[in-house]
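All remarks here apply to the structure that follows.
The values are calculated or read from the model by the stated rules, or taken from the named source; none is laboratory data. Only a predicted model underlies this, so the values are computations on that prediction, with no experimental measurement involved. Heads up, the Cβs are rebuilt from the backbone with ideal geometry, glycines too, and the neighbour counts pull from every protein chain shown. The protein model used for the area step is the full one, side chains on, heavy atoms only, and it has no ligands, DNA or RNA in it. Shrake-Rupley method; radii C 1.70, N 1.55, O 1.52, S 1.80 Å.
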Amino acid sequence: MSKFKDIVLTGDRPTGRLHLGHYIGSIQNRVSLQSQHDSCFYMIADIQALTDNFDNPEKVRNNVIEVALDNLACGLDPTKTTFLIQSQIPEIAELTIFFLNLVTLARLKRNPTVKDEMKQRGYGEDVNTGFLVYPISQTADILSFKANIIPVGEDQLPHIEQANEIVQKFNSIYGETFSKIKPIISTTPRLMGIDGNSKMSKSSNNAIYLADSAEEIEKKVMMMYTDPKHIRVEDKGNVEGNVVFSYLDIFDKDKNGVEEMKNQYKKGGLGDVTIKKHLIGVLEEIITPIRERREQLAKDPKYVMNLLKEGTEKAQKTARETVEEVKKVIKINYF
Ligand code: TRP
């Protein structure tokens, strides 16, 4: 048996409301893991959000409560999961400083997710250093709480790999202090955006949000990319790359029903409006209880801020212990 116990941690950047891609990519896993493990943390990573929003702090601040509401509405339970705000725990920053020594500049520049994000943001060589090193600070997010089970979307895998390199290096230099980190990736394939072109994301303007109204969902589904050659109901249709069917594959529990619809669509005789109406029903069933709970919680922001405060205070005690231990093994515990 390992000397380490299982501790779960996940986080979101507070840069916008969360969407269905987040829901199937990691929130669902968070919710089920909190019933299987005694120790779970959920971090609102506002410092990480500032690495590319330092000039827009209002955006980060306003979205702290939004992402908390999204997670609470999906069933993340503050009595099972400790909610915390990253910036309020300086121990995480302290740990980051020690980890910076263990990672080379060349390694940072090789991280494929960071590379993609830099390209998207048009940074080039002029990337600010805070952004470039955020995977190191994310490692500190995890290790401050000695977490080893991390439910994340697949874009986060390079960060977990980098974190494990830090664990290995730290342990080999200073002695066995941290355990290997295991990512938990959703088995559901990545959710495409309503435009069918890329993954669902806020920046591509192709997302369905957990807080969207019934009207917004209807409008977005009606705009979904299907098969451009499927013009009349009698036309033969293509289900590959067809956003409506890819969503039905993920969200419709009636798998046989979906197969039948696909067959009929391929043969001809099933209209886009019919399949879209069906999908609206399927999505409404999932989103309605989330939306209602969210609206209820949003009426009491004090309750939400208070649970964030209490969780942060509790989490800080754990982070303090970790930093004390780290200072001891690095032999900078003088007094
Ligand atoms: N990078 C993550 C994202 O963009 C957010 C995050 C910050 C995170 N710290 C974390 C995820 C620690 C898991 C563990 O979604």
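Descriptive notes on the structure:
- Scanning region 155-183 for residues that are among the small types (Gly, Ala, Ser) and either touching a residue at least 40 places away in the same chain (Cβ under 8 Å) or away from the ligand (no atom under 13 Å from the Cβ) (or both) gives 172, 175, 179.
- Some residue of region 257-268 being hydrophobic (A, V, I, L, M, F, W, C) and open to solvent by 40 Å² or more (accessible area, probe 1.4 Å): no
- Residue under evaluation residue 219, criteria (1) open to solvent by 50 Å² or more (accessible area, probe 1.4 Å); (2) in the same structural domain as residue 63 (by TED's automatic domain parsing); (3) not in a loop (DSSP other than H, G, I, E, B), criterion not met: (2)
- Note on region 132-183: among residues that are touching a helix residue (DSSP H, G or I) at 6+ places or on another chain (Cβ under 6 Å), modelled with pLDDT under 95 and open to solvent by 10 Å² or more (accessible area, probe 1.4 Å), the one that is nearest to residue 19 (Cα to Cα) is 153.
- Helices (runs of 4 or more DSSP H) completely within region 60-149 that count 2 or more residues being closer than 25 Å to residue 30 by Cα: 90-100, 112-120, 134-143
- Residue 99 touching a Phe, Trp or Tyr at 6+ places or on another chain (Cβ under 7 Å) and surrounded by 17 or more Cβ atoms within 10 Å (Cβ to Cβ): no
- Test for residue 332: is it open to solvent by 80 Å² or more (accessible area, probe 1.4 Å) and assigned to a loop (DSSP other than H, G, I, E, B): no
- Cβ separations smaller than 9 Å between residues 6+ apart or across chains give the following pairs from region 304-325 residues that are within 13 Å of residue 42 (Cα to Cα) to residues that are among the small types (Gly, Ala, Ser) and surrounded by 15 or more Cβ atoms within 10 Å (Cβ to Cβ): 307/68; 308/68; 315/144.
- Complete set of residues in region 13-59 that are open to solvent by 40 Å² or more (accessible area, probe 1.4 Å) and in a helix (DSSP H, G or I): 22, 28, 32, 47, 50, 57, 58, 59
- Every condition in (1) in contact with an Asp or Glu (Cβ under 8 Å, 6 or more places away or on another chain); (2) within 11 Å of the ligand (Cβ to nearest atom) holds for residue 8 except the one numbered (1).
- Here is the figure for region 184-201: residues that are open to solvent by less than 100 Å² (accessible area, probe 1.4 Å), farther than 17 Å from residue 282 by Cβ and in a loop (DSSP other than H, G, I, E, B) total 6.
- When the criteria are applied in full, residue 207 meets the requirement of being buried (at least 21 other Cβ atoms within 10 Å of the Cβ), in contact with a Ser or Thr (Cβ under 7 Å, 6 or more places away or on another chain) and closer than 23 Å to residue 287 by Cβ.
- Test: residue 65 is within 15 Å of the ligand (Cβ to nearest atom) and at pLDDT 95 or above: no
- Among the conditions (1) in contact with a Leu (Cβ under 6 Å, 6 or more places away or on another chain); (2) more than 15 Å from the ligand (Cβ to nearest atom), the only one that residue 35 does not satisfy is (1).
- Residue that is nearest to the ligand (Cβ to nearest atom), among those in region 120-154 that are among the small types (Gly, Ala, Ser) and at positive phi: 122
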